[in-house]
Amino acid sequence: MKKMWGGRFSKKTDLLTDDFNSSISFDQRLYKQDITGSIAHARMLGKQNIIDPGEAELIIRTLEEILADIEAGKVEFAVEMEDIHMNVEAILTERIGDVGKKLHTGRSRNDQVATDMRLYVKEIATGSKLLIGELVATLLDLSQQHTETIMPGYTHLQRAQPITFAHHLMAYVEMFKRDMIRMDQVKAMANTLPLGSGALATTTYPLDRIAVADELNFAAVSLNSLDGVSDRDFCIDFLEAAAVLMMHLSRFSEEIILWCSSEFNFVTLDDAFSTGSSIMPQKKNPDIAELVRGKTGRVYGDLMGFLTTMKGIPLAYNKDMQEDKEPVFDAYDTINICLITFAKMVKTMTVNKPVMKKAAAGGFSNATDAADWLVKHGVAFRDAHEIIGKLVFFGLEHGKSLDELTLEEYKSVSPVFDETIFEAIDLTVCVNQRNIIGGPAKERVEKAIAFNREWLKQN
Ligand code: ARG
């Protein structure tokens with residue numbers, strides 16, 4: 001096949017060069033964006049009389065047919081044609097002859113690929129946001145069922161204060177909401193049309209860039225042609241948003257892995273979302289959570305790899321930038337599969353409420369509340385801390401939690417105690433007294449769930 005840039009060459013490229021240089025094996029993913037961009041460009045060329053309007057029509061019609069044929073699996077791409085842009089153009093020219101060659105008037109592959117990638121990133125940012133939203137919806141449903149499910153909250157992985165399972169889940173809801181907002185920001189960053197930048201210094205044709213931006217739904221056109229073709233910061237923004245999302249999913253996965261160990265036993269994963277061992281018959285492994293945690297490293301790699309690719313490239317376009325595609329595709333595929341599978345795993349897991357509650361009681365997680373009771377009865381907080389510390393020590397020695405100690409035992413450490421201490425250290429009371437904005441009280445969490453359901457509708 002004849003190269004589109006073959007004019008100044010006297011020799012054919014080595015097959016190895018073709019192979020190494022070519023991106024069609026992966027950038028064929030951009031066929032829709034490429035053709036949509038070309039249609040808008042052709043329409044504008046016709047309207048501006050840069051090419052004959054009738055010819056523009058023919059080009060547009062044929063591009064639409066090519067799009068349909070690609071979607072029907074009827075098109076085979078050629079490695080010698082290097083990338084999706086030249087493949088589409090070659091097919092066009094094959095179908096309508098010389099008229100096809102006019103499509104590239106006033107355009108370079110540099111502004112073409114920069115446009116395609118922006119269209120693509122806008123699309124996947126929207127798609128990612130939707131998927132994160134579905135996970136948020138799942139977590140809201142689950143939270144609704146667990147506003148009274150007491151569990152220990154931790155710091156340093158040591159039992160700290162009682163909370164509810166809903167409150168814990170809702171922490172992740174907040175994180176994932178920010179991940180959704182980050183996807184909106186990615187979209188905004190990619191929302192500027194570079195087409196018209198040409199190879200680097202625009203063109204002498206009177207292109208109507210704003211008309212093209214309107215047709216392609218871009219909010220603005222780029223104001224500097226060098227910048228238009230040579231930055232891929234919007235790809236990095238996507239990779240960054242994907243990396244942060246994976247970081248959140250990975251922490252959640254880590255907790256689930258801990259929770260389904262026999263040591264915790266807070267949740268049991270559904271058989272459909274866990275796996276067995278080929279040697280140990282008793283095993284049920286949280287492979288999905290582990291893989292999500294593991295794939296986080298891979299998405300970080302996508303981000304770090306491409307950041308590094310970009311760091312030393314002089315303006316304007318350099319072929320290094322062809323390396324933007326695989327990390328973006330890989331990160332998108334990875335967050336997609338992780339989000340879908342993770343949501344199903346969480347939805348189907350069983351929450352072992354009594355175990356969670358016992359862990360909250362056994363870990364003296366109500367000790368702060370016991371100290372607060374003393375403070376409310378006139379004891380200084382530091383003294384109260386000391387008194388409860390002694391009771392905890394006593395409890396540890398006798399294998400009793402705070403609510404299992406007798407009033408006599410309480411009184412032996414401080415005469416201030418009376419029977420109302422038992423109500424104050426009741427775990428449900430402890431939780432529900434934390435009833436300020438952001439707190440774990442049932443009423444607060446219910447409000448947060450309602451608020452976030454509304455937020456989700458609007459986002
Ligand atoms: N396949 C190329 C890429 O992804 C398209 C742009 C090529 N431009 C060039 N001047 N060689 O970046």
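Just so it is clear, none of the values below were taken in a lab; they were calculated from the coordinates. All values reported here derive from a predicted model rather than from experimental measurement. Backbone-built Cβ (ideal geometry, glycine too); neighbour counts: all protein chains shown.
Before moving on, here are some points about what is shown:
- A simple spin-label model places pseudo-atoms 7 Å from Cα toward Cβ; at K400 and V416 they are separated by 2.0 nm.
- log10 of Debye I(q)/I(0), alpha-carbon scatterers only, for the range 229-317 at 0.20 Å⁻¹: -0.91
- With each label modelled as a point 7 angstrom along the Cα→C-beta vector, the D214-D14 pair spans 5.1 nm.
- Dmax and Rg, reported as Rg then Dmax, of the range 55-140 (C-alpha, Å): 17.3, 58
- Entry note, the chain: the mean residue ellipticity at 222 nm calculated from DSSP H runs of n ≥ 4, each adding -39500 (n - 2.57), is -20000 deg cm²/dmol after division by the residues and rounding to the nearest 500.
- Each Lys or Arg adds one and each Asp or Glu subtracts one; over the other residues with Cβ under 14 Å from the Cβ of R43, this totals -2.
- At least 20 Å along the helix axis (C-alpha) and Kyte average at least 0.0, DSSP helices within the chain: 53-71, 109-145, 233-259, 287-310, 325-348, 381-398
- Fully extended contour minus Cα-Cα distance, from L291 to K47, at 0.36 nm per residue: 82.6 nm
- Counting charges near A316 (Lys, Arg +1; Asp, Glu -1) among other residues having Cβ under 11 Å from its Cβ returns a value of -3.
- Cα pair distances of the range 96-228 binned at 5 Å [whole percent]: 2, 10, 13, 13, 11, 9, 8, 7, 6, 6, 6, 4, 3, 2, 1, 0
- Spherically averaged projected area of the range 13-105 from its Cα convex hull (nm²): 5.9 nm²
- Put simply, the amide H of N285, placed in the peptide plane, has neighbours under 5 Å in T275, G276, leaving out anything fewer than 5 places away on its chain.
- Fewest-first ordering of W5, W455 by other beta carbons within 10 Å of each residue's beta carbon gives W5, W455.
- Based on Cα atoms of the chain, Rg over Rh with Rh as the Kirkwood radius reads 1.16.
- Peptide packing: for 445-454, 223-232, 164-173, the average count of neighbouring Cβ atoms within 10 Å per residue gives the ranking 164-173, 223-232, 445-454, highest mean first.
- Cα-based Lys proximity count in the range 360-459, under 17 Å, for pairs eight or more positions apart or on separate chains: 5
- Within the shell of other residues whose beta carbon sits under 11 angstrom from the beta carbon of F176, the net charge comes to +1, with Lys and Arg scored +1 and Asp and Glu -1.
- Cα extents for the range 302-459 along the principal axes, largest to smallest and rounded to whole angstrom: 80, 36, 29.
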